[in-house]
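Step one of this worksheet: look at the structure below.
The values are calculated or read from the model by the stated rules, or taken from the named source; none is laboratory data. Nothing here was measured: the structure is a model prediction, and the numbers come from that model. Reconstructed Cβ throughout: ideal geometry from the backbone, glycine too, with neighbour counts over all protein chains shown. The accessibility values were calculated without ligands, DNA or RNA, using every heavy atom of the protein model including side chains. Shrake-Rupley method; radii C 1.70, N 1.55, O 1.52, S 1.80 Å.
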Amino acid sequence: MTQLHDMTALEQAAAVKARQVSPSELVEHYLDRIDRLDGQLGAFVTVTADAARAEAAAATRRVLDGAELPALYGVPLAVKDLNATKGVPTKLGSRVFADWVPDYDDNVVVRMRQAGTISLGKTSVPEIGLPCYTEPVIGPPARTPWDTTRLAGGSSGGAAAAVAGGLLPIAQGSDGGGSIRIPASLCGLVGLKPSRGRVSRGPIDGDAVGLSVLGPLAHTVRDAAAFLDAVAGPMPGDPTWAPPLPAGETFLAACDRPPGRLRIARTLGSPIATDIDPEVVQAWEEATVLLAGLGHEIIDVDALLPDDAVPLFESVWAAGAAGAPIPPDLEPELVPLTRYLRQRGRALTAGQYAQAIGGLYTMCRRAIVAMADFDAILTPTLAQLARPVGWFTAGGDPAEDFERQKRFTPWTALYNSSGQPAISLPLFQSASGLPIGIMLAGRPAGETALLSLAAQVEEAVPWHARHPAIWTQ
């Protein structure tokens, strides 16, 4: 029997417009699933049931009034708990912020509300979004629904667990070093990292370097594109922004446009030395065959950044951690990894920090120039399959924790540094049934071409009907 959560976000919006289902029915359906199933997944840190019901009732009245409705009107989603939501606890995965209730909305939250979506609450994150896994001290770990002994990834781990487990049709995430694409790969979802400046990070943005961007975790490429249409564009006060689409063009429409024959570079090279799981390599090879079969030219290339890019990125990352506004007397409340990164960041001189930013950006510019003849770049999303709960922190040494994270995700941070769009697609599964994501990166500000290619891949190898066992519970 078909359930409401079997529909994509766009299908749900179409059903709302056709009055086949009401926003209130959708909200109640998902609140029931959250209540029954989230204990297995650790996806939510805060559920705003009363507010969601009130918004859904108002949305239902507007549908009955015959008003013109946005593309995702009435669709439930949730806000990542790194993004401020007025009047709702925004805990940032930390004891330090556990009682913080913002008096403002982040711009992306404003845009989601303007699009007619209905937030069911806040999804779980690790402390201030620093790790690539989600094991906050203020709540349970976020687990992949495909094997709940394993982690959902991070830092958008709660968002990914919720969507993959059928607790939401789509969710908002953020990505500063892979934090959308990593959990998308581990949970069998589409994870889109847009270009730098595509989605406003205001009104308060602590990421002065511009590594982090906001984007969706979804079941389909079209859902991800529709979300981007809803939230993209500059807001007043933004210092930089991606170039707007031509008049009349949308990201969703790009999914219906054939990409043509593309030149696609492929590589397993990375400045981070790591062991790649053989099943990941096999998936990457099969993705190559798939793309070639679709008519694209595939060309092998070396690693896109030199080895000395790694310490530069680490310096920038550590400085960002050190910049978090945490009172000195609360420093002992932070987890060991956060304290370790903040100590590294505080040890940098201003000159070293400036040199790290300048050096990293220079290397990325050179990589973009070197790849100018290619339309896309193909790598695995991650080097390994989903790790068991506690795997990263098992040794108790935050330095080793950080090294494990680097080896786990050696490709994703490149595109945060370069600002290029990148997408993880849930193309394959391991022999044991764990998802394996494949990543495609596009040209700078090239989301439309990237989405066109991703939609072509999805049409060739559909994945929407592939779900974990919890889906039918």
Of the residues Thr362, Ala324, Thr338, the Cα lying farthest along the dipole of the range 293-369 towards its positive end, which is defined by charges on the beta carbon of Lys, Arg, Asp and Glu, belongs to Ala324
Heavy-atom accessible area of Asp6, protein chains in place, probe 1.4 angstrom, given in Å² to nearest 10, is 50
Most to least packed among 267-276, 381-390, 323-332 [average Cβ atoms within 10 Å]
381-390, 267-276, 323-332
In the range 1-145, if every C-alpha pair distance is counted and binned at 10 Å from zero, what percent goes to each bin?
12, 38, 34, 14, 2
Going down the list Lys17/Lys122; Lys80/Lys193; Lys86/Lys122, which pairs span over 19 Å between their C-alpha atoms?
Lys17/Lys122
Given contacts defined as C-alpha pairs under 8 Å and at least six residues apart, what's the relative contact order of the chain, whole-number percent?
17
Express in whole angstrom the spacing between the alpha-carbon centres of the range 216-291 and the range 410-473.
7
Scoring the range 394-447 by relative contact order with C-alpha pairs under 8 Å, at least six apart, yields a percentage of 29
Value of D in µm² per second that Stokes-Einstein yields for the chain, Kirkwood Rh from Cα pairs, at 10 °C (1.306 mPa s):
72
What Kirkwood radius, in Å to one decimal, follows from the Cα pairs of the range 289-422?
17.2
Sorting Met112, Met363 on solvent-accessible surface, 1.4 Å probe, most exposed first, gives Met363, Met112
Pairs of Cα atoms farther than 18 Å apart, the range 81-233, %
52
Find the accessible area per residue for the chain; the probe is 1.4 Å, ligands and nucleic acids are left out, and the unit is Å².
38
To the nearest 20 debye, what charge dipole does the chain have about its Cα centre, counting +1 at the Cβ of each Lys and Arg and -1 at the Cβ of each Asp and Glu?
420
Based solely on its DSSP helices, what 222 nm [θ] is calculated for the chain when runs of n ≥ 4 H residues each add -39,500 (n - 2.57) and the sum is averaged over all residues, nearest 500 deg cm²/dmol?
-11500 deg cm²/dmol
For a quick check of understanding: with a 1.4 angstrom probe and all protein chains in place, what accessible area in square angstrom does Tyr340 have, to the nearest ten?
50
The range 233-341, relative contact order [Cα under 8 Å, separation at least 6], %
27
Going by Cα centres, the range 34-68 and the range 1-22 are how many Å apart?
14
Specify which residue in the list Pro462, Pro244, Gln473 is farthest towards the positive end of the charge dipole of the chain, using unit charges on the beta carbon of Lys, Arg (+1) and Asp, Glu (-1), about the Cα centre.
Pro244
Not counting ligands, DNA or RNA, and with a 1.4 Å probe, what is Asp373's accessible surface area in Å² rounded to the nearest 10?
110
Ignoring ligands, DNA and RNA, how do Ile138, Ile204, Ile423 rank by accessible area with a 1.4 Å probe, largest first?
Ile204, Ile138, Ile423
